[in-house]
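Data first, discussion second: the structure below is written as structure tokens.
The values are calculated or read from the model by the stated rules, or taken from the named source; none is laboratory data. Note that this is a predicted model, so its numbers are computed, not measured. Cβ sites come from the backbone with ideal geometry, for glycine too, and all protein chains shown count toward neighbours.
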Amino acid sequence: MKSHTSKLLHTLCGRSLLSWSVAAAEGLAPQRLVVVVGHQRDQIEAHLNEIAPNAVHAVQDDPKGTGHAVSCAMSVLGDVTGQIVVTHGDVPLLTSETLRRLVATHCQTGNAVTLLTAVVDNPAGYGRVIRSGDEVTGVVEHRDADNAQKAIKEINAGIYVFEAGMLRDGLAHLTPDNDQQQLYLTDVVGYARSRGQRVGAYVEADTWQTEGVNDRVQLANLTREMNRRIVERWMRDGVTVIDPATTWIEAGVSIEPDVELWPGTILRGATSIATGAVIGPDTRLTDVEVGEDAEVVRTEATLAVIEARAAVGPFSYLRPGTQLGPGGKIGAFVEAKNAQIAAGAKVPHLTYCGDAEIGEGTNIGAGTIFANYDGTNKHRTTVGAHAFIGSQTVLIAPVQVAEDAFVAAGSAVTSDVGAGELAVARGRQRNIAGWVAQHRQRLAATAAATEKE
């Protein structure tokens, strides 16, 4: 990945690659879950403690191949019995359902080993599955395959079910007899066959589930496919998506039926959208709660609440802590931060609204600034219900404007305003008669003097 971040921690549709793989494995309800860690293990173990605190960590300090990795896992499992499923940390589209079908096939056919395989048009780079009827006789790595074997299109996905005892014995007999001088887990297949054990395969038709991530190009391709599946699922559940190709929805998002998503919409994190809401175009919401019949247009919002029938945008910026009440409005070129805006209140135009509480039905005029920072500390402004703040006003916190109060346009308010009062905090206007003519005469005299010089 050419990154300081472990490949397994790179994200796809809002979750790390490792998180997708762990979730698929946990869907089997295993008695024990072991994750083999090695390169950049500190990062991986810290992440595992968050997403799978019950997982056991097996350390592979000196990587010597897939067989060695599984040996490390077996060393922490001890003398277990039953079925052992081996999968990868970088196959994000693999599902629990597919793993369950793999295990079911293994148990129904009495296999000692069962491989997950796929038939692909371009098998280059993958191990080829060698068959004799329904049984698998071996797996040949691409670099070790001859021309006839390279023509085989059934590939080994590197995902298996083993009988524990057979796996333990097979690992003990592995040798690095290959051009990479590594211990191949695929050689356990040959070992099982040599002991008269049955080896079979479950062929997965959805080849995307066998795709791994080795670079950022593959990550982008799998992200695109995962997003396509997520968007399609929401459409089938009753969500209107005007342009699926430009709509991105992460895995943790919740959407109710009859929501409309317009082109350029990005929904991230734990965002939830209630029925009847219209989102977009060109909107990104991260961990945002949107109520019924709300409308959010060309907006960037994070950790905000937009209640029913409220309207946001266009070109609005909602920072963490913003709460817009039912029927409220945050309009064009408004930035709000840690602001609670009550039902029916409006902040329509060109305003910075930070660390504020605005009462029900209040109107904030265009160009109003809630001056919350004195250079050292943040302070809070409260505006009561049904108040009116005139355009181009600066509310210099901490300050309170009571209910039903008015503030004249252009005011710089530094003191509290009582209920029903009108605050005028600006210089008195003066009109100077004849000023324009006098000004022009001075300019003309100055120009004449300059020409003489």
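Within the range 315-344, take every residue that is in a loop (DSSP other than H, G, I, E, B) and in contact with a Ser or Thr (Cβ under 7 Å, 6 or more places away or on another chain) and give me the one that is surrounded by the most Cβ atoms within 10 Å (Cβ to Cβ). First the steps, then the outcome.
Within the range 315-344, the first condition is being in a loop (DSSP other than H, G, I, E, B), and the residues that meet it are 315, 319-322, 325-328, 333-334, 342-344.
Those still in the list that are in contact with a Ser or Thr (Cβ under 7 Å, 6 or more places away or on another chain) too: 319-320, 334.
Numbers: ARG319: 17, PRO320: 12, VAL334: 25.
Top of the filtered list is VAL334.
Is one or more of the residues making up the range 229-238 aromatic (Phe, Trp, Tyr) and either assigned to a strand (DSSP E or B) or within 30 Å of GLY138 (Cα to Cα) (or both)? Walk me through it before giving the result.
Within the range 229-238, the subset aromatic (Phe, Trp, Tyr) is 234.
Next, from what is left, pick out any that are either assigned to a strand (DSSP E or B) or within 30 Å of GLY138 (Cα to Cα) (or both): none.
No.
Pick from the range 117-130 the residues that are touching a residue at least 24 places away in the same chain (Cβ under 8 Å) and part of a strand (DSSP E or B): which of them is nearest to GLN197 (Cα to Cα)?
Across the range 117-130, the extreme among qualifying residues is VAL129.
Only one of VAL383, VAL312 is within 25 Å of ALA419 (Cβ to Cβ) and buried (at least 20 other Cβ atoms within 10 Å of the Cβ). Can you tell me which?
On the way: VAL312 fails: within 25 Å of ALA419 (Cβ to Cβ).
Just one listed residue meets the conditions, VAL383.
Is it the case that TYR184 is outside any strand (DSSP E or B), surrounded by 17 or more Cβ atoms within 10 Å (Cβ to Cβ), in the same structural domain as ILE84 (by TED's automatic domain parsing) and of a type in the set (Phe, Trp, Tyr)?
Numbers: outside any strand (DSSP E or B): yes; surrounded by 17 or more Cβ atoms within 10 Å (Cβ to Cβ): yes; in the same structural domain as ILE84 (by TED's automatic domain parsing): yes; of a type in the set (Phe, Trp, Tyr): yes.
When the stated conditions are applied, TYR184 passes them.
Out of the residues in the range 245-261 that are more than 11 Å from GLU295 (Cα to Cα) and in a loop (DSSP other than H, G, I, E, B), state the one that is nearest to the chain's Cα centre (by Cα). Let's see the steps before the verdict.
Filtering the range 245-261 down to residues more than 11 Å from GLU295 (Cα to Cα) leaves 245-258.
Subsequent filtering for residues that are in a loop (DSSP other than H, G, I, E, B) retains 247, 250-253, 256-258.
Working: THR247: 13, GLU250: 5, ALA251: 7, GLY252: 8, VAL253: 9, GLU256: 19, PRO257: 21, ASP258: 23 Å.
Going through the qualifying residues, I end up with GLU250.
If you scan the range 409-447, which residues turn out to be within 30 Å of ALA356 (Cβ to Cβ) and either β-branched (Val, Ile, Thr) or touching a Ser or Thr at 6+ places or on another chain (Cβ under 8 Å) (or both)?
Step one: filter the range 409-447 for residues within 30 Å of ALA356 (Cβ to Cβ), giving 409-429.
ALA409, GLY410, SER411, ALA412, VAL413, THR414, VAL417, ALA423, VAL424, ALA425, ARG426, listed by residue number.
Yes or no: ILE44 surrounded by fewer than 19 Cβ atoms within 10 Å (Cβ to Cβ), on the phi < 0 side of the Ramachandran plot and touching a residue at least 12 places away in the same chain (Cβ under 8 Å)?
Taking the combined requirement at face value, the residue does not satisfy it.
Just to check your reading of the model, which residue among ARG143, ARG101 is within 17 Å of THR66 (Cβ to Cβ) and of a type outside the set (Phe, Trp, Tyr)?
Numbers: ARG101 fails: within 17 Å of THR66 (Cβ to Cβ).
Matching residue, one of ARG143, ARG101: ARG143.
Got at least one residue in the range 70-78 being touching a Gly at 6+ places or on another chain (Cβ under 8 Å) and within 24 Å of ILE155 (Cβ to Cβ)?
no
Residues in the range 277-305 that are in contact (Cβ under 8 Å) with a residue 24 or more places away in the chain, over 18 Å from the mean Cα position of the chain (by Cα) and not in a loop (DSSP other than H, G, I, E, B): how many?
Selection size over the range 277-305: 0.
In the range 236-251, how many are surrounded by 15 or more Cβ atoms within 10 Å (Cβ to Cβ) and either of a type in the set (S, T, N, Q) or over 15 Å from ARG284 (Cβ atoms) (or both)?
Total satisfying the criteria: 6.
Residue-by-condition table, conditions (1) surrounded by 20 or more Cβ atoms within 10 Å (Cβ to Cβ); (2) in a loop (DSSP other than H, G, I, E, B):
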residue: SER71; (1), (2): yes, no
residue: SER75; (1), (2): no, no
residue: LEU94; (1), (2): yes, yes
residue: LEU99; (1), (2): yes, no
residue: VAL103; (1), (2): no, no
residue: CYS107; (1), (2): no, no
residue: LEU115; (1), (2): yes, no
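Looking only at the range 161-176, filter to residues that are free of Cβ contacts under 8 Å to residues at least 60 places away in the same chain and not β-branched (Val, Ile, Thr); which one of those is surrounded by the most Cβ atoms within 10 Å (Cβ to Cβ)?
Here is the first cut: in the range 161-176, the residues free of Cβ contacts under 8 Å to residues at least 60 places away in the same chain are 166, 169-170, 172-173, 175.
After this cut, where a residue has to be not β-branched (Val, Ile, Thr) as well, the list is 166, 169-170, 172-173.
Numbers: MET166: 19, ASP169: 15, GLY170: 25, ALA172: 10, HIS173: 13.
It comes out as GLY170.
Being under 20 Å from PRO320 (Cα atoms), of a type outside the set (Ser, Thr, Tyr) and either over 36 Å from the mean Cα position of the chain (by Cα) or surrounded by fewer than 20 Cβ atoms within 10 Å (Cβ to Cβ) (or both) is the filter here, so list the residues in the range 356-380 that pass it.
Within the range 356-380, GLU357, ILE369, ALA371, ASN377, LYS378, HIS379, ARG380 meet the criteria.
Run down ASP79, ASP90 and say which single residue is assigned to a loop (DSSP other than H, G, I, E, B) and more than 26 Å from the chain's Cα centre (by Cα).
None of the other options fit; the residue is ASP79.
Please pick out the residue among GLY138, GLY200, GLY212, GLY165 that is out of contact with any Leu (no Cβ under 7 Å at 6 or more places or on another chain), in a helix (DSSP H, G or I) and either among the aromatic types (Phe, Trp, Tyr) or within 19 Å of VAL86 (Cα to Cα) (or both). Even if it seems obvious, please write down each step before you answer.
Values: GLY138 fails: in a helix (DSSP H, G or I); GLY200 fails: in a helix (DSSP H, G or I); GLY212 fails: in a helix (DSSP H, G or I).
Residue meeting the stated conditions: GLY165.
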